[in-house]
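Peer 1: What follows is a single structure, and I will ask about it in a moment.
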Amino acid sequence: MTELIKELMPKHVAIIMDGNGRWAKQRGVPRVAGHRAGMESMKKIVDHSDKLGIRYLTVYAFSTENWKRSMEEVSGIFKLLVTFVNRDLKELVANNVRVRVLGDYNSIPADARKALEKTLSDTNEDTGLQFNIALNYGARDEIRRSVERIAEKVKAGELEPEDVT
């Protein structure tokens, strides 16, 4: 086997977590079991990314479109988030992993939001692998939120409308 050369590894890797439901269906298990398996795989990827010299790992985990799934599945996904945070947060801190969230997580269930905020707080000063979780994200929503931020700056006199490109 060829040895990996750390200096040649990409600095940023992005992964779309897709196929968990199909994985579960092929095995005759509930969709949430597929999401659990996906999260276990992601944990392994996080564990190895820093060792491989990857500086940023972005995971597209839950888009705004995912709210259209059954309430049972959505609820199960967020319960898994709480379970993984409770189980793995100490390890993330010990491994110097900084967790960031892309997207608007304010509308996720309160217990998941609380667990996520604890993770963000506890890893905020970490300087190793930056693990970005795209959560409740969507292109239209990202554009809307960006325009709102620009409009607030214009309103506050911090930015001139003609400076927006």
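Peer 1: GLY21 passes all but one of (1) loosely packed, with under 15 Cβ neighbours inside 10 Å; (2) at pLDDT below 90; which number fails?
Peer 2: Among (1) loosely packed, with under 15 Cβ neighbours inside 10 Å; (2) at pLDDT below 90, the lone unmet condition for GLY21 is (1).
Peer 1: When you go through SER63, SER41 one by one, which is the residue that is under 16 Å from the mean Cα position of the chain (by Cα) and closer than 18 Å to ASN95 by Cβ? Outline the logic, then answer.
Peer 2: Details: SER63 fails: closer than 18 Å to ASN95 by Cβ.
On inspection, the qualifying residue turns out to be SER41.
Peer 1: While we're looking at this one, here's another question. LYS51 fails exactly one of the following numbered conditions: (1) part of a helix (DSSP H, G or I); (2) without any contact (Cβ under 8 Å) to a residue 40 or more places away in the chain; (3) not small (Gly, Ala, Ser). What is the number of that condition?
Peer 2: So the condition that LYS51 fails would be (1).
To keep it simple, each residue is scored yes or no on (1) modelled with pLDDT of 95 or more; (2) under 23 Å from LEU52 (Cα atoms); (3) of a type in the set (S, T, N, Q); (4) in contact with a strand residue (DSSP E or B) (Cβ under 6 Å, 6 or more places away or on another chain).
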residue: GLY76; (1), (2), (3), (4): no, no, no, no
residue: LEU89; (1), (2), (3), (4): no, yes, no, no
residue: ARG100; (1), (2), (3), (4): yes, yes, no, yes
residue: ASN106; (1), (2), (3), (4): no, no, yes, no
residue: GLU117; (1), (2), (3), (4): yes, no, no, no
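Peer 1: Something else now. Taking THR123 and the conditions (1) modelled with pLDDT of 95 or more; (2) open to solvent by 20 Å² or more (accessible area, probe 1.4 Å), which numbered condition does it fall short on, given that it satisfies the others?
Peer 2: (2)
Peer 1: Give segment 99-119 a look and list any residue that's in contact with a Phe, Trp or Tyr (Cβ under 8 Å, 6 or more places away or on another chain) and either buried (at least 18 other Cβ atoms within 10 Å of the Cβ) or of a type in the set (D, E, K, R) (or both), or say none.
Peer 2: Of the residues in segment 99-119, the ones in contact with a Phe, Trp or Tyr (Cβ under 8 Å, 6 or more places away or on another chain) are 99-100, 102-104, 108-109, 111-113, 116.
Those that are in contact with a Phe, Trp or Tyr (Cβ under 8 Å, 6 or more places away or on another chain) and either buried (at least 18 other Cβ atoms within 10 Å of the Cβ) or of a type in the set (D, E, K, R) (or both): VAL99, ARG100, GLY103, ASP104, ILE108, ASP111, ALA112, ARG113, LEU116.
Peer 1: Confirm whether LYS43 is in contact with a helix residue (DSSP H, G or I) (Cβ under 7 Å, 6 or more places away or on another chain) and surrounded by fewer than 17 Cβ atoms within 10 Å (Cβ to Cβ). Before the answer, list the steps.
Peer 2: Numbers: in contact with a helix residue (DSSP H, G or I) (Cβ under 7 Å, 6 or more places away or on another chain): yes; surrounded by fewer than 17 Cβ atoms within 10 Å (Cβ to Cβ): yes.
Here the answer is yes, as LYS43 does meet what is asked.
Peer 1: Please find, among ASP126, ASP163, the residue that is free of Cβ contacts under 8 Å to residues at least 40 places away in the same chain and either closer than 25 Å to VAL93 by Cβ or in contact with a strand residue (DSSP E or B) (Cβ under 8 Å, 6 or more places away or on another chain) (or both). Even if it seems obvious, please write down each step before you answer.
Peer 2: Details: ASP163 fails: either closer than 25 Å to VAL93 by Cβ or in contact with a strand residue (DSSP E or B) (Cβ under 8 Å, 6 or more places away or on another chain) (or both).
One residue alone meets the criteria, ASP126.
Peer 1: Under 7 Å by Cβ, and 6 or more places apart or on different chains, what pairs join a residue from segment 80-96 that is at negative phi and open to solvent by 70 Å² or more (accessible area, probe 1.4 Å) with one that is part of a helix (DSSP H, G or I) and modelled with pLDDT of 90 or more?
Peer 2: ASN86/ALA115
Quick grid of which residues meet (1) in contact (Cβ under 8 Å) with a residue 60 or more places away in the chain; (2) farther than 23 Å from LEU129 by Cβ; (3) not in a helix (DSSP H, G or I):
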{"residue": "GLU3", "(1), (2), (3)": "no, no, yes"}
{"residue": "ALA14", "(1), (2), (3)": "no, no, yes"}
{"residue": "LYS25", "(1), (2), (3)": "no, yes, no"}
{"residue": "ALA33", "(1), (2), (3)": "no, yes, no"}
{"residue": "ARG36", "(1), (2), (3)": "no, no, no"}
{"residue": "GLU40", "(1), (2), (3)": "no, no, no"}
{"residue": "ILE45", "(1), (2), (3)": "no, no, no"}
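Peer 1: Any residue in segment 134-147 that's of a type outside the set (A, V, I, L, M): show its pairings with residues that are assigned to a helix (DSSP H, G or I) at Cβ separation under 9 Å, as long as the two are six or more apart or on different chains.
Peer 2: Short answer, once both residue conditions are applied: ASN136/THR64; ASN136/ASN66; ASN136/TRP67; TYR137/THR64; GLY138/THR64; GLY138/GLU65; ARG140/THR64; ASP141/THR64.
Peer 1: Would you be able to tell me the number of residues in segment 132-165 that are of a type in the set (Ser, Thr, Tyr) and open to solvent by less than 50 Å² (accessible area, probe 1.4 Å)?
Peer 2: Let us first name the residues in segment 132-165 that are of a type in the set (Ser, Thr, Tyr), namely 137, 146, 165.
Cutting the leftovers down to open to solvent by less than 50 Å² (accessible area, probe 1.4 Å) gives us 146.
The total comes to 1.
The values are calculated or read from the model by the stated rules, or taken from the named source; none is laboratory data. Because the structure is a prediction, the values reported are computed rather than measured. Using ideal geometry, Cβ is built from the backbone for each residue, glycine included, and neighbour counts are taken over all protein chains shown. Side chains are part of the model used for accessible areas, which takes the heavy atoms of the whole protein and leaves out ligands, DNA and RNA. Shrake-Rupley method; radii C 1.70, N 1.55, O 1.52, S 1.80 Å.
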